[in-house]
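Engineer: My questions will all concern the structure given below.
What follows draws every value from the coordinates through simple rules; no lab data is involved. From a predicted model like this one, the values you see are computed outputs, not experimental measurements. Note that we place each Cβ from the backbone using ideal geometry, even for glycine, and neighbour counts take in every protein chain shown.
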Amino acid sequence: MSGRRAMGELESEVLTILWAAEDALTPAEVLEGIGADIAYTTAMTVLSRLWKKGLAERERRGRAYAYRPKVTEAELTARRMQATLSKTNDREAALARFVGRLSTEEEGALRRLLDQMDKRE
Amino acid sequence: MILLVVPGVTAVAASLAAALLHRRLRPAVAVPVLTMLSAMSALALLWSFALLVVGFVGHIAWISEHAAWCLALAHAHDAVPPAAGIAAIVMLAASAFAVVRHERRRLRLDAAIEGDDELVVLPSDDPIAYALPGRPGHIVVSVGMLRALDGAERRVLLAHERAHLHHRHHRYLRVAELVAVAVPLLRPIRDRVRFATERWADEVAADAVGDRTLTARAIARAALATNSATGTPVLAMAALGVPARVDALLDESPVGRRRLTTLTCITLIALVTVTGSTVQFHHLLAFAARLCGT
């Protein structure tokens, strides 16, 4: 994997953490949530890149900055698109979704599988 | 006359049979094989219908006078009875109509999002996640979905959607969808291509995060979150949905030997399809030769 691509993927990952959080996060808090092995300095670099790109805003918190995600033009477009998508039943447009809808039996089967996995750990 | 239809029907039957075996193949193999089989057998079938039309129309007296050369192409065959000829015309017209309508209605979202940042977050509490193909493609995820998963599970989600974009799954889905629209008989193959692209992305994600159980859990969590948020569940194709994907990730039994025999099977079926099509393509060649004046 090229360094540039890896950086892009890390940016996405860090962004998901910022969005999932209720509050602004410091690099240390981001490190906690990332679930992957990265260095503190890397987290700092990624966060400041996100800030420079206008994907996040930051505020001082003690000696560090805390970052929160920012709604961008692309996200506003995506929101409008979502409205269009939910109105259509074009099945191809709904392609490549992470998960589809479940039937009642499938839901039951999934809950059982999740239970099994939780027990195994 | 029956001879005209045999190759097309054989091809369709063979690829439907192949679709039943798709789970014995690695998803990365199943997707292109099934997509290609469905496209080829659709062409073979439609071409069969076209020959019936030629056989029928060509034997109508006033047309055969003006288009003797065309008739010569089909002269090896008997005149096609009107009922079959008209039925073939109706089938072809219905196919063409369905394809045109489908293309007109298709949403073109590719160019909708500008910028080249990979991730686009929807500020919505509904759990949503999908890959949006384009140059570059985007991963669209809602805040609701991000909050339904933990950090490691979110990495699975990103890896899964990235796999869709990186391996250009939308192209296979597009071909399979067009085929299903043109020849509704082949819809089961489209459904299996859809399932296999999801499995493919699941496997890539599992490799990326290095943990099959984690991958299975992320998919199960996301599916349950989506369901509880959207109310009434829609009937999904039994055994083709999320539980089957989760099962496949948790099941690590070796399928190597079965895989080999299946591969032979698939090769055979592919051969049948190709033969089925080539038997008919000599007509096309004759037609091309005529057009070129040889």
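Engineer: Would you tell me the mean number of C-beta atoms belonging to other protein chains that fall within 10 Å of each C-beta in A:105-118, as a whole number?
Structural biologist: Working: counts 7, 15, 7, 1, 8, 11, 2, 2, 10, 7, 0, 3, 7, 1.
The per-residue average across the peptide is 6.
Engineer: If you don't mind, there's one more thing I want to ask. Pulled fully out, how much extra length does the chain show between B:ASP191 and B:SER124, if you take 0.36 nm times their separation in residues and subtract their Cα-Cα distance? Write down the numbers at each step before the final one.
Structural biologist: On the way: separation 67, 0.36 × 67 = 24.12 nm, distance 2.91 nm.
Stretched fully, the B:ASP191-B:SER124 segment lengthens by 21.2 nm.
Engineer: Here's another thing I want to ask about it. Which order, highest average first, do B:120-127, B:97-104, A:52-59 follow once you tally other Cβ atoms within 10 Å for each residue and take the mean per peptide? Kindly include the intermediate steps, with their values, before the conclusion.
Structural biologist: Details: B:120-127: 19.4, B:97-104: 11.9, A:52-59: 15.4.
Ranked from most to least packed, the peptides come out as B:120-127, A:52-59, B:97-104.
Engineer: Can you compute 3J(HN,Hα) from phi for each residue in segment B:14-20, using the Karplus curve 6.51 cos²θ - 1.76 cosθ + 1.60 with θ = phi - 60°, rounded to whole Hz and x for Gly and Pro?
Structural biologist: Per-residue couplings from phi come out as 5, 6, 5, 5, 4, 4, 5 Hz.
Engineer: Further, regarding this structure: Can you give me the Cα centroid spacing of segment B:86-100 and segment A:13-82 in angstrom?
Structural biologist: Going from one Cα centre to the other spans 54 Å.
Engineer: Skipping prolines and chain starts, which residues have an amide H placed within reach, meaning under 5 Å, of the one on A:SER103, given they are 5 or more residues away or on another chain?
Structural biologist: Under 5 Å from the amide H of A:SER103: B:ALA236.
Engineer: Along the Cα→Cβ direction, 7 angstrom out, place labels at B:VAL90 and B:ARG135. What is the inter-label distance in nm?
Structural biologist: Rounded to a tenth, the inter-label distance reads 4.5 nm.
Engineer: What does the highest-first list of B:183-193, A:73-83 look like by mean Cβ count within 10 Å?
Structural biologist: Working: B:183-193: 20.3, A:73-83: 16.6.
For the peptides B:183-193, A:73-83, the packing ranking is B:183-193, A:73-83.
Engineer: Mind checking B:126-133 for the average number of partner chain beta-carbons within 10 Å of each residue's beta-carbon? Intermediate values should be presented prior to the final figure.
Structural biologist: Values: counts 2, 2, 6, 4, 9, 4, 5, 2.
For peptide B:126-133, the averaged partner shielding equals 4.
Engineer: At a Förster radius of 51 Å, what calculated FRET efficiency corresponds to the Cβ-Cβ distance of B:ALA289 and A:MET7, to the nearest 0.05?
Structural biologist: Numbers: r = 57 Å, r/R0 = 1.12.
Computed FRET efficiency for B:ALA289 and A:MET7: 0.35.
Engineer: Under the 0.36 nm per residue contour assumption, what length would be gained going from the current alpha-carbon distance of B:GLU103 and B:LEU20 to full extension?
Structural biologist: Numbers: separation 83, 0.36 × 83 = 29.88 nm, distance 2.84 nm.
Going from the current span to full extension adds 27.0 nm.
Engineer: Right, here's the next one. Taking the number of other C-beta atoms within 10 Å as the exposure measure, put B:HIS138, B:HIS166, B:HIS22 in order starting with the fewest.
Structural biologist: On the way: B:HIS138 26, B:HIS166 14, B:HIS22 21.
Listed from fewest to most nearby Cβ atoms, that is B:HIS166, B:HIS22, B:HIS138.
Engineer: Under the Karplus relation 6.51 cos²θ - 1.76 cosθ + 1.60, θ = phi - 60°, what is the ordered set of whole-Hz ³J(HN,Hα) values for segment B:115-121, x standing for Gly and Pro?
Structural biologist: x, 10, 6, 5, 9, 10, 9
Engineer: Also, I was wondering about something else. Residue-wise, which Karplus ³J(HN,Hα) couplings in Hz belong to segment B:212-220, taking 6.51 cos²θ - 1.76 cosθ + 1.60, θ = phi - 60°, and x for glycine or proline?
Structural biologist: Per residue, the Karplus-derived 3J(HN,Hα) values read 6, 5, 4, 4, 4, 5, 4, 5, 4 Hz.
Engineer: If one puts a single equal scatterer on every Cα of segment B:108-252 and applies the Debye formula without solvent, what log₁₀ I(q)/I(0) results at q = 0.14 Å⁻¹?
Structural biologist: Debye curve over Cα of segment B:108-252, log10 I(q)/I(0) at q = 0.14 Å⁻¹: -0.71.
Engineer: Excluding B:THR35 itself, what net charge comes from residues whose Cβ is under 13 Å from its Cβ, given Lys and Arg +1 and Asp and Glu -1?
Structural biologist: Working: positive: B:ARG168, B:ARG171, B:ARG174, B:ARG190, B:ARG192, B:ARG194; negative: B:GLU177, B:ASP191.
Cβ neighbours under 13 Å give a net charge of +4.
Engineer: Here's a follow-up. Near the amide H of A:GLU57, under 5 Å away, which other amide H atoms are found, from residues 5 or more places off or on another chain, if H is placed in the peptide plane?
Structural biologist: A:ARG68, A:LYS70
Engineer: Within 10 Å of each Cβ of A:12-23, how many other protein chain Cβ atoms are there on average? Can you show the working numbers first?
Structural biologist: Working: counts 12, 7, 1, 8, 13, 3, 2, 11, 12, 2, 1, 0.
Across A:12-23, the average partner-chain Cβ count within 10 Å equals 6.
Engineer: What is the gain in length, in nm to one decimal, between B:VAL5 and B:ALA79 on full extension, counting 0.36 nm per residue of separation less the C-alpha to C-alpha distance?
Structural biologist: Numbers: separation 74, 0.36 × 74 = 26.64 nm, distance 1.39 nm.
Using 0.36 nm per residue and subtracting the Cα-Cα distance, I get 25.2 nm.
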